[in-house]
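Take a look at the structure set out below.
Please treat every number below as a calculation from the coordinates, not as lab data. Computed from a predicted model, the values in this text were never measured in an experiment. Heads up, the Cβs are rebuilt from the backbone with ideal geometry, glycines too, and the neighbour counts pull from every protein chain shown.
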Amino acid sequence: MDAFISNLGLLINATLVATPPLLLAALGSCFSERSGVINLGIEGMMTIGAFVGAAVGLVVNNGWIAFLAGGLAGAVMAAIHAVVCIQFHADQTIAGTAMNFIGPGLALFLCKAIFGSTDTPPLSISDKLPKLFEGVFEAGSFLGNVLNVYTVAYLVFVFAAIAVFVFYKTKFGTHLRAVGEHPEACESLGISVYRVRYICVIISGFMAGLGGAFVTTATINQFRPSVIVGQGFIAIAAVIFGKFSPGGAAKACLLFGFCSGVKSILSMSSVVDPNLISMIPYIVTIVALVLFVGKAHTPAANGKPFVKSK
Amino acid sequence: MKKRRILESSVLYTIIAIVIGFVIGALFLASAGISPAVAYGKLIDGVFGKPKFMIWTLVYASPLIFTGLSVAFSLRTGVFNIGAEGQFVVGAMAACACGIILKLPPVIHAIVCVLVAALAGFIWSYLVGILKVKRGIHEVLSFIMFNWIAFYLSNFLVNTETLHKEGSGEATKNVLDSARLLFPEGILKALNCNGANWGFILAIVAAIVMWIIIEKTTLGYKLKAVGFNKDAATFGGINADRSILTALGISGALAGIGGAVQVLGMSGRISQFAGQEGYGFEGITVALIAGSNPIGCIFSGIFYGAMKYGGSKLTMVGAPEEVIDIIMGCVIIFIAISSVFKEMFLKIGKKNQ
């Protein structure tokens, strides 16, 4: 029984470490997708956020500022994506692919140029994001494992609640959902389609950047080339799995975070090959799409550039 | 009139995009305190400096031409194969496994490996087609999922007992010599390049075959018709679903052969991946630069191969090779928005007349 509880504690802990980057990126992605702009570049934006977070953390010695800096870096990249897709009507999938070249490329380029290595020097514990109940619970105990996690790991669920509120209870939320369904009607009602989409795409980049920065300023303590690998794509999968709603995406991220938690626990015991467990989120997404979501409603104007009538 | 034709040609805007990409790359290099002239000089020297460098460039280009053809073929037929990455990986793994396990005479062994790789890529892409046709699931999404499943599948297989090489860390055994696509010993010596292989010849043949299929056959006509307007094609008596499946299957097979060319020609084995290898995504760039023309893919594939091979030498002058990714990303963006430039230039051209 004790072993069970202690393993459960470890599993919850691992889930709470793996979920935040996915959830942050997925919440942002909901904004972008629902407003009608596919952001396939989430992966690249997370990577640049991860690097900038780690690098700024080394300079300012403050986890929170580093975290936000990562978000801003993601937002800057998203702004480029927005200009290309919204202003210039580029193919959004192709623009996103470009972002996935530029994000990791730029992150590694800067890392080598500044630090002379593919990894940033490690952050000291005091420079990382803080944990919620540091020192209150015994290390390794069940409560310690469940409660003494990074503050952000709990904060992301507050963010999810805020996102749900914004989506369904505010005027901006109504506008952004409408803009993704029928931009022409919105424009005729005096809603600026471009403005709403710009805001949403930049939010998605900011959140993706935060997600990336969480990895390098909390989960681990440095930037390495392999820190993000695939998390941006899992976030996109979570959004579709969650039917493009922040609430649904949050549940999907928890599920994927849980898979990731199972993976990190099992990889200690080597019962099942961790590579096989890593496939689970992707296979689950496919199966879920086949069984339930296949006929779900995608935002009607998603991926279609909107050309203002003169 | 001639001027107008130049302004309308997409080649012009592709060249502009490449130039802008290099300018942006230079800005990054300069801001990192590295002389762009030195770095680009090294890049050019690294590709053209010696005859064997140029052969290496073609070796690097071969898999890229295949993934480029894969993406180009899909774009011409109205689907977007962002899954060439995964098809490349399963193709490489299939070729590698056959190259290690099967015992066949030379030539036949290599041919079998390439065919199995093509089949693996075909199936990997066809499955996505079935999801699209039967369940209406957008191919871009399933391709992304399949890319990552392939990624972890390959990493899993690398570590299985049959394939894993004792004490090699995280790589498979070498494929048997009978399965390699290398040129005969004498030619390798004469070329002074131990990686020269048949891949590039295969790539050119594939490009020509694809061009013929797209431009000169009924099959190509049907596939293009569905890509152009699915409803009209269906009305005209073409089975749209079957066309989509065929297009995706062929596209996947091309990427799969690309994987085989990489393993049997160049690397000889597969290592555990830390991140995606990128051949499929690079194929998107190759296809875009080529304007989705199969013959164009040969040239844009060589261009990208040169960038990769030359780029790998940039560390010698202290420049991070990732500048290549930045340049290529910018090239993609500027090709993606080239229609804007086109409109602008044509307007200016008209005013001047």
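In nanometres, what is the gap between the two model label sites at B:ALA232 and A:GLN87, each 7 Å from Cα along Cα-to-Cβ?
Taking the simple label geometry, B:ALA232 and A:GLN87 are separated by 3.4 nm.
Roughly how many whole Å is it from the C-alpha centroid of segment B:292-325 to that of segment A:36-87?
26
What is the distance in Å between the Cα centroid of segment B:1-55 and that of segment A:151-214?
Spelled out, the Cα-based centre of one part sits 39 Å from the other.
Quick check on my link table: of B:LYS50/B:LYS313; A:LYS169/A:LYS304; A:LYS171/A:LYS304; A:LYS243/B:LYS132, which ones sit more than 19 Å apart, alpha carbon to alpha carbon?
A:LYS169/A:LYS304; A:LYS171/A:LYS304, as the Cα separations exceed 19 Å there.
Once amide H atoms are built 1.01 Å from N in the peptide plane, which residues 5 or more positions from B:LEU176, or in another chain, come under 5 Å H to H?
B:ILE100
If packing is taken as the average number of other Cβ atoms within 10 Å across a peptide's residues, how do B:44-57, A:194-207 rank, most packed first?
Values: B:44-57: 16.6, A:194-207: 24.7.
The packing order, highest mean first, is A:194-207, B:44-57.
Of B:GLY280, B:ILE204, B:GLY296, which is farthest along the charge dipole of the protein assembly as shown in the positive direction, counting Lys and Arg as +1 and Asp and Glu as -1 at C-beta?
Of the options given, the answer is B:GLY296.
Note down the relative contact order for segment B:63-304 as a percent, whole number, built from C-alpha pairs under 8 angstrom at least six residues apart. Show your work: numbers first, answer last.
Details: 484 pairs, mean separation 105.8, N = 242.
This gives 44 percent for segment B:63-304.
Quick one: which residues, 5 or more positions from B:ILE270 or on another chain, have an amide H under 5 Å from its amide H? H modelled 1.01 Å from N in the peptide plane, none for Pro or chain starts.
Those qualifying (amide H under 5 Å, at least 5 residues apart or on another chain) are B:THR172.
Step through the residues of segment B:202-207 one at a time and calculate ³J(HN,Hα) from phi using the Karplus curve (6.51 cos²θ - 1.76 cosθ + 1.60, θ = phi - 60°), rounding each to whole Hz and writing x for Gly and Pro.
So the J values, rounded to whole Hz, are 4, 4, 5, 4, 4, 4.
What's the percent breakdown of Cα-Cα distances in the protein assembly as shown across 20 Å bins, shortest bin first?
Distribution as computed: 18, 53, 27, 2, 0 percent.
Any idea how far apart B:ASN352 and B:SER9 come out in nm if each label point goes 7 Å out from Cα toward Cβ?
1.6
Which whole-Hz ³J(HN,Hα) couplings does segment B:98-111 yield from phi under the Karplus relation 6.51 cos²θ - 1.76 cosθ + 1.60, θ = phi - 60°, glycine and proline marked x?
In residue order, the calculated couplings are 5, x, 8, 7, 5, 10, 9, x, x, 6, 4, 4, 5, 5 Hz.
What percentages make up the Cα-Cα pair-distance distribution of segment B:63-304 when the bins are 10 Å wide from 0?
The distribution over segment B:63-304 is 9, 32, 35, 18, 5, 1, 0, given as percents.
On average, how many beta carbons from a partner chain sit within 10 Å of the beta carbon of a residue in B:335-348?
3
Helix-only mean residue ellipticity at 222 nm, chain B, DSSP H runs n ≥ 4 weighted -39,500 (n - 2.57), per residue, nearest 500. What is it?
It comes out at -24000 deg cm²/dmol, rounded to the nearest 500.
Sketch the reach of a paramagnetic label on B:ASP177 as a point 7 Å from Cα along Cα-to-Cβ, and name the residues of segment B:96-121 whose backbone nitrogen lies under 16 Å away.
Correct set: B:100, B:103-110.
Cα atoms only: what Rg and Dmax, in Å, come out for segment B:12-156?
19.8, 55
In peptide A:80-90, what is the residue-averaged number of other protein chain Cβ atoms found within 10 Å of each Cβ? Mind dumping the intermediate values first?
Values: counts 2, 1, 0, 2, 6, 2, 0, 2, 8, 4, 9.
Taking the mean over all residues of the peptide, I get 3.
Residue by residue, what Karplus-based ³J(HN,Hα) values in Hz, rounded to whole numbers, does segment B:258-270 have, using 6.51, -1.76 and 1.60 with θ = phi - 60° and x for Gly and Pro?
Values per residue, Gly and Pro as x: x, x, 5, 4, 5, 6, 6, x, 9, 7, x, 6, 10 Hz.
Before rounding to the nearest 500, sum -39500 (n - 2.57) across all DSSP H runs of length at least 4 in chain A and divide by the residue total; then give [θ] at 222 nm in deg cm²/dmol.
-23000 deg cm²/dmol
Enter the per residue convex hull volume of segment B:151-235, computed from alpha-carbon coordinates, in Å³ rounded to the nearest integer.
For segment B:151-235, the hull spanned by Cα atoms encloses 193 Å³ per residue.
Multiply the residue separation of A:PHE157 and A:LYS308 by 0.36 nm, subtract the distance between their alpha-carbon atoms, and state the gained length in nm to one decimal.
50.7 nm
For segment B:193-270 and segment B:117-185, what is the centre-to-centre distance using only Cα atoms, to the nearest Å?
About 18 Å separates the Cα centre of segment B:193-270 from the one of segment B:117-185.
Based on the Kirkwood radius over alpha-carbon pairs, what value in µm²/s does the Stokes-Einstein equation return for the translational diffusion coefficient of segment A:2-295 at 4 °C and 1.567 mPa s?
Working: Rh = 19.3 Å.
Estimated diffusion coefficient is 67 µm²/s.
Can you give the direction-averaged projected area of the convex hull of the alpha-carbon atoms in segment B:1-72, in nm²? If you can, show how the numbers build up before the last one.
Details: hull surface 28.8 nm².
Across all orientations, segment B:1-72 yields a mean hull projection of 7.2 nm².
How much FRET efficiency would the formula 1/(1 + (r/R0)^6) give for A:LYS243 and A:LYS169, where r is the Cβ-Cβ distance and R0 is 25 Å, rounded to 0.05?
0.85
Show the residues, 5+ positions off or on another chain, whose built amide H is closer than 5 Å to the amide H of A:PHE133.
Counting only residues 5 or more places away or on other chains, the set is A:VAL149.
Mind ordering B:121-133, A:96-108, A:45-57 by average Cβ neighbours within 10 Å, highest first?
Answer by packing, highest mean first, reads A:45-57, A:96-108, B:121-133.
If you count, for every residue in B:274-280, the Cβ atoms of partner chains within 10 Å of its Cβ, what is the mean?
Taking all residues of B:274-280 together, the mean is 3.
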